[in-house]
1. For the pair ILE29/GLU132, report the inter-label distance in nm, with labels modelled 7 Å from Cα in the Cβ direction.
2. Does the chain come out rounded, prolate or oblate, given a ≥ b ≥ c as the square roots of the eigenvalues of its C-alpha gyration tensor, rounded meaning a/c under 1.5 and, failing that, prolate meaning a/b above b/c?
3. Figure the gain on full extension for LEU38 and LYS236 (residue separation times 0.36 nm, minus the Cα-Cα span) and round it to one decimal in nm.
4. Give the residues of the range 35-58 whose amide nitrogen is closer than 15 Å to a point set 7 Å from the Cα of ALA89 in the direction of its Cβ.
5. If you look for lysine pairs in the chain that are eight or more places apart or on different chains, how many of them have Cα atoms under 20 Å apart?
6. Express the relative contact order of the range 6-289 as a whole percentage, based on alpha carbon pairs under 8 Å and six or more residues apart in sequence.
7. Quick query: amide H of VAL254 versus all other amide H atoms, modeled in the peptide plane; which residues come in under 5 Å with a sequence gap of 5 or more or a different chain?
8. Loop only per DSSP, at most 11 neighbouring Cβ atoms within 10 Å: give me the GluC sites (Glu not before Pro) in the range 195-292, ordered by residue number.
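Rule-based calculations on the coordinates, nothing more; no lab input. All figures in this text were calculated on a predicted structure; none of them were measured in a lab. In this analysis, Cβ positions are derived from the backbone assuming ideal geometry, glycine residues included, and neighbour counts consider all displayed protein chains.
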Amino acid sequence: MEEFRPEENRYVIDQESSVEMARLMELDILTTKCMGSLFPADIDLSLVHDVLDVACGPGGWVSEVAFAHPEKRIVGADISHAMLSYARAYADVQGLKNTTFYYRSATEPLDFPANSFDFVNSRLMVGFMWKEAWPKYIQECARIIRPGGTIRLTESDCASGLSAGNSVALSWINRMLVRAFCRTGRSFCADEDGYQVGVTPMLPKFLREAGFQDIRERPHLLNFSAGTEVHQRMMKNLQVGLKLVQPFLLKTGVTTEEEVEKYYQQAMTDSMSEDFQAAWYFTSVYGVRGEK
Ligand SMILES: C[S@@+](CC[C@H](N)C(=O)[O-])C[C@H]1O[C@@H](n2cnc3c(N)ncnc32)[C@H](O)[C@@H]1O
């Protein structure tokens, strides 16, 4: 089994893959719609001028915010050259002059001046963050956010996009992913046989420790059972995502090629049944930067 070291800083899927990029564009639409709005409904947007989205992927959220709020300056950051290049081109064709994109890693000091943003957003970083990286990242955000500014982290404890459902095969894939996350230092819960990685309950504590106040948590639920409006789109997304993640599962030694393919095919078959029931839960945690 190949050993992973925290400083290797790897996303579980090839971040330069164009298929992954297309998948993330689609996932952005599903996720943002499920969250109900681009920003938390209970913050004062008139105080938000400079916005940063870390691990922005192909820039779906950045572009939507830039379009809806032409008076705000929106910055996207990621380490994928392919995603950054697409994000810039996508913003360009829409004539969004208020966006910029930079190569920045969330697992290293963020090369932005102190007090330069009013809102820092990040969503679904669980696929590349080592557990030690979370508090450091949040402290970095505290440095670059102005007093009174907001940080929002939106994460899932189920790396596969399945939190609950009646497909044994899909549930098995989720468990293997959790095991692989445990083995590579990404999980806060050492239970290799568990179904979740325990990231979201840690976030309020990390926010408090970094000096954030008025911390709030908002759960989101995406039910993608057969017959729901999002069933086909979410399953297409999982069809791609769960295929692209297979090399990571094999590398961590949690399964074999034959085994993972068998469960993958079964999961896809299960998802076409009229009885298929599945849901994905994820959570936003946000807080306000106090005086420094
Ligand atoms: C699951 S996607 C999330 C995309 C976007 N935030 C969203 O919710 O639609 C994860 C993203 O993290 C990026 N990534 C991987 N490692 C990173 C790192 N160390 N720092 C910043 N971004 C990273 C990947 O390139 C990918 O775009």
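1. With each label placed 7 Å out from Cα toward Cβ, I get 4.1 nm.
2. Working: a/c = 1.68, a/b = 1.46, b/c = 1.15.
Since a/c reaches 1.5 and a/b is larger than b/c, the shape of the chain is classed as prolate.
3. Details: separation 198, 0.36 × 198 = 71.28 nm, distance 2.37 nm.
Extra length available between LEU38 and LYS236 comes to 68.9 nm.
4. 58, by backbone N distance to the label point.
5. 11
6. On the way: 533 pairs, mean separation 58.6, N = 284.
Taking the mean separation of contacting Cα pairs over the length of the range 6-289, I get 21 percent.
7. Under 5 Å from the amide H of VAL254: no residue qualifies.
8. On the way: sites: GLU209, GLU217, GLU229, GLU257, GLU258, GLU259, GLU261, GLU274, GLU291; in loops: GLU229, GLU274, GLU291.
Passing both the DSSP loop test and the Cβ count: GLU229, GLU274, GLU291.
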